1. Has the stretch 90-110 got any residue that is over 25 Å from Ala193 (Cβ atoms), in a helix (DSSP H, G or I) and away from ligand 2 (no atom under 16 Å from the Cβ)?
2. Report whether or not Gly115 is out of contact with any Cys (no Cβ under 6 Å at 6 or more places or on another chain) and surrounded by fewer than 11 Cβ atoms within 10 Å (Cβ to Cβ).
3. Residues in the stretch 135-151: is at least one among the charged types (D, E, K, R), away from ligand 1 (no atom under 16 Å from the Cβ) and more than 20 Å from the chain's Cα centre (by Cα)?
4. Among the residues of the stretch 160-172, are any farther than 21 Å from Ala200 by Cα and either exposed (fewer than 12 other Cβ atoms within 10 Å of the Cβ) or within 16 Å of ligand 1 (Cβ to nearest atom) (or both)?
5. Kindly provide the set of residues from the stretch 178-199 that are more than 7 Å from ligand 1 (Cβ to nearest atom) and surrounded by 15 or more Cβ atoms within 10 Å (Cβ to Cβ), ordered by number.
6. Of everything in the stretch 172-205 that's in contact with a strand residue (DSSP E or B) (Cβ under 7 Å, 6 or more places away or on another chain) and either near ligand 2 (Cβ under 10 Å from one of its atoms) or part of a loop (DSSP other than H, G, I, E, B) (or both), which residue is nearest to Cys135 (Cα to Cα)?
7. Is it true that some residue in the stretch 55-69 is part of a loop (DSSP other than H, G, I, E, B) and over 41 Å from the mean Cα position of the chain (by Cα)?
Amino acid sequence: MASHAHDDHEPTTTGPKVLATSTVSPKVRTIAVVRPSEQQVSYLAATKAGLGITLKHFAKNLFGRRRTVDQLNKGEHPVPTTAFQKALSVVSPVNDIETIQYPEEKAVYPERFRGLHRLMQRDDGQVRCVACMCCPTVCPAHCITIIPEQSDDNGIEKRPAVFEIDELRCVVCGLCVEACPCDAIRMDSSTHAKPVEERADAVMTKEKLIAVSKENGKNPTSIATQGGVGPNWRERG
Ligand code: SF4
Ligand code: SF4
């Protein structure tokens, strides 16, 4: 039994250094307390290192050159000309403040950027939307309002009398574009919704949505074939 009790309290190789063990109970031990050094306690070294980092960033942002919006868009760095700039380039070629002077300068949005909605038109200028209601059905923000009406064109059943998108409620998910069966709505305008002062001004009407193409230099027509010919709907005209 005595040997079992001894095994339970075998000294371990890890943990604090044991200076002495009680003769009454091996659980009672005197251990060596490791005190932090004076340098660690004062935090002076850490404060000095932190100040050094702050000063480095300060100098870099004060003297480092800002990229032009062109360089920013192309992912290029400015070429250092003076000896000081060359020396600074070793640390960093540019400063960390990569702001652009908006609205004079504008960053180019990525090609797949989901921009402001636009409604596409047919070759005759009519809106391509056939008021199928797929987009308002799929819209998670319920921000598309469509009131359909009968179309003049015998080949097309309906068209939207009213087509509105509340851009303040839109979550820019792009589901309306995915759901549209006839490429009537797109989000490739490369621009974003304009800031407004009145909530009602954020509602894009059909006319405004059609005008987005022209305002942003986009082709308003689509090469997608709309509708089919003959009894087989897969047969394209
Ligand atoms: S992008 Fe999404 S939230 Fe915005 S209108 Fe389309 S479906 Fe609705
Ligand atoms: S899914 Fe396309 S065709 Fe259908 S209502 Fe929306 S924009 Fe119009």
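Quick note: the coordinates plus some simple rules give every number you see, no bench work behind them. For clarity, every value in this text was computed on a predicted model and none was experimentally measured. Backbone-built Cβ (ideal geometry, glycine too); neighbour counts: all protein chains shown.
1. Checked the stretch 90-110: at least one residue is over 25 Å from Ala193 (Cβ atoms), in a helix (DSSP H, G or I) and away from ligand 2 (no atom under 16 Å from the Cβ).
2. In short, no.
3. Yes.
4. no
5. Initially, the stretch 178-199 is screened for residues more than 7 Å from ligand 1 (Cβ to nearest atom), giving 178-186, 188-199.
Those that are more than 7 Å from ligand 1 (Cβ to nearest atom) and surrounded by 15 or more Cβ atoms within 10 Å (Cβ to Cβ): Ala179, Cys180, Cys182, Asp183, Ala184, Ile185, Arg186, Asp188, Ser189, Ser190, Thr191, Ala193.
6. Cys176
7. Among the residues of the stretch 55-69, not one is part of a loop (DSSP other than H, G, I, E, B) and over 41 Å from the mean Cα position of the chain (by Cα), which makes the answer no.
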